[in-house]
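S.K.: One structure follows; several queries about it will come next.
Just so it is clear, none of the values below were taken in a lab; they were calculated from the coordinates. Quick caveat: nothing in here was measured; it's all calculated off a predicted structure. Note: ideal-geometry Cβ built from the backbone for every residue, glycine included; neighbour counts use all protein chains shown.
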C-alpha cells in the first residue's frame with residue numbers, strides 16, 4: 001500500500017506555535033512561510049522556509065505559485081500559527097482524513113477555543129460531521145481538491161469568503177467535513193491578527209472618489225457577489241461513535257447533536273412546550 005504524504009504549510013509570525021506540532025514523530029512534513037522580521041525558530045525540522053510579507057493568503061498564494069515541491073503530496077493542510085496541537089493530534093487527523101476519504105476537512109475546536117463559527121466546535125457524539133463548510137483557520141485538502149482550489153487564494157487579501165466558496169466549487173459530490181475525533185485549541189481571540197488583512201489597504205472606486213479602507217467584510221461581499229454564494233452553513237450527516245451514519249434530518253441526529261455539543265452552542269437555545277407543538281430553535 002502506498003504511503004500517503006502529508007504537508008503542513010503555516011504562515012508564521014514571531015509568536016507561532018508550530019514548534020509544538022513537531023514534538024514527536026510526525027507523519028507529515030512542515031513548511032513555514034514567514035512574515036516577520038527576524039526568524040528565530042529551529043529550522044532543522046522544516047522542509048522549507050519561505051519568507052513573504054503580507055497576509056496569510058497573499059503569502060500562501062506566493063508560496064504555491066513560486067515553488068513546486070508541494071505537488072508530490074497527497075494532503076495539504078494550511079493552519080493558522082496560533083493553534084495549539086500536538087504531533088499525535090496531527091498524525092491522527094491525517095490518518096482519519098485519508099481513511100474517511102475526505103476532499104476537504106478540518107479538525108474540530110475544543111471547549112477552550114476562541115471561535116467564530118459554532119459548527120466547528122467539537123461534538124463528542126460524532127467521529128465526524130459532513131458539512132458544507134470548512135473554516136479558513138485550518139483547512140486540509142486532498143490532492144485533487146487542492147489543485148482545483150489553490151488559485152482562489154488570490155481572490156482577496158483576508159481570505160474571507162473562501163470557506164463558503166470552496167464547497168461550491170468542489171460540488172455536491174465532494175466529501176467535506178469536520179473531524180470531531182480530533183480537537184485542537186485556538187488560542188487567540190478572534191480578530192487579534194487584524195482579521196486576516198495584515199495591513200491597511202486603501203481603495204478608490206474611481207479617480208474622483210475619496211479613498212476608503214478595505215475591510216474583510218467588503219472582501220467577503222465581493223466573493224459572495226462574484227460567485228453567488230451565501231453564508232448558510234449546515235451539517236448533512238454524521239458518523240457517530242458507534243460507526244453509524246446518521247442523516248441530519250433524522251431525529252436521532254438532533255438528539256445526539258445536543259448531547260455531544262459544546263455548551264456554548266446551547267447558550268441561546270430556546271425550548272417551547274406548547275399544546276400543539278414541542279419544538280426547539
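S.K.: Given the -39500 (n - 2.57) contribution per DSSP H run of 4+ residues, what per-residue ellipticity at 222 nm results for the chain, rounded to the nearest 500 deg cm²/dmol? Don't skip to the answer; put the middle values down first.
M.R.: On the way: 6 runs with 62 residues, N = 281.
Using -39500 (n - 2.57) per qualifying helix, the result is -6500 deg cm²/dmol.
S.K.: Next question, about the same structure. If we restrict to alpha carbons, what Rg and Dmax does the chain come to, in Å?
M.R.: Considering the chain through its Cα atoms, Rg and Dmax are 19.7, 68 Å.
S.K.: A further question on this structure: Taking 8 Å as the Cα distance limit and 6 or more residues as the minimum spacing, I'd like the relative contact order of the chain as a percentage.
M.R.: Reported relative contact order: 20 percent.
S.K.: Taking the number of other C-beta atoms within 10 Å as the exposure measure, put 137, 111 in order starting with the fewest.
M.R.: Ordered from fewest to most neighbouring Cβ atoms within 10 Å, 137, 111 come out as 111, 137.
S.K.: Which of 29, 42, 262 moves the most in a Gaussian network model of the chain with Cα springs under 10 Å?
M.R.: Looking only at 29, 42, 262, the biggest GNM fluctuation is shown by 42.
S.K.: So for the pair residue 169, residue 266, with labels modelled 7 Å out along Cα→Cβ, what separation do we get in nm?
M.R.: Each label point lies 7 Å from its Cα, and together they span 3.9 nm.
S.K.: By how many nm would the segment from residue 254 to residue 217 grow when fully extended, if each residue of separation counts as 0.36 nm and the alpha-carbon distance is taken off?
M.R.: Length gained between residue 254 and residue 217: 10.1 nm.
S.K.: Write down the percent of antiparallel bridges among all DSSP beta bridges whose residues are both part of region 82-280, to the nearest 5.
M.R.: Here the share of antiparallel DSSP bridges comes out near 75 percent.
S.K.: How would you order 121-129, 88-96, 236-244 from highest to lowest mean count of nearby Cβ atoms within 10 Å?
M.R.: Answer by packing, highest mean first, reads 121-129, 88-96, 236-244.
S.K.: Taking only Cα atoms and a 10 Å spring cutoff, compute GNM fluctuations for the chain and point out the largest among 156, 250, 62.
M.R.: Maximum fluctuation in the GNM of the chain, among the listed residues, is at 250.
S.K.: Which order results if 12, 235 are arranged by neighbouring Cβ count within 10 Å, fewest first? Please report the intermediate quantities before stating the final value.
M.R.: Working: 12 27, 235 20.
In order of increasing Cβ crowding within 10 Å: 235, 12.
S.K.: If we sort 172-179, 251-258 on the protection proxy, mean other Cβ atoms within 10 Å, highest first, what's the order?
M.R.: Numbers: 172-179: 18.8, 251-258: 14.6.
Highest-to-lowest ranking by the protection proxy: 172-179, 251-258.
S.K.: If I model a spin label at residue 101 and residue 25 as a point 7 Å from the Cα along the Cα→Cβ vector, what separation in nanometres do I get?
M.R.: Label-label distance for residue 101 and residue 25, simple model: 3.0 nm.
S.K.: Return the distance in nm (one decimal) between the two label points of a simple spin-label model at residue 118 and residue 43, each offset 7 Å from Cα along Cα→Cβ.
M.R.: Computed distance between label sites residue 118 and residue 43 equals 4.7 nm.
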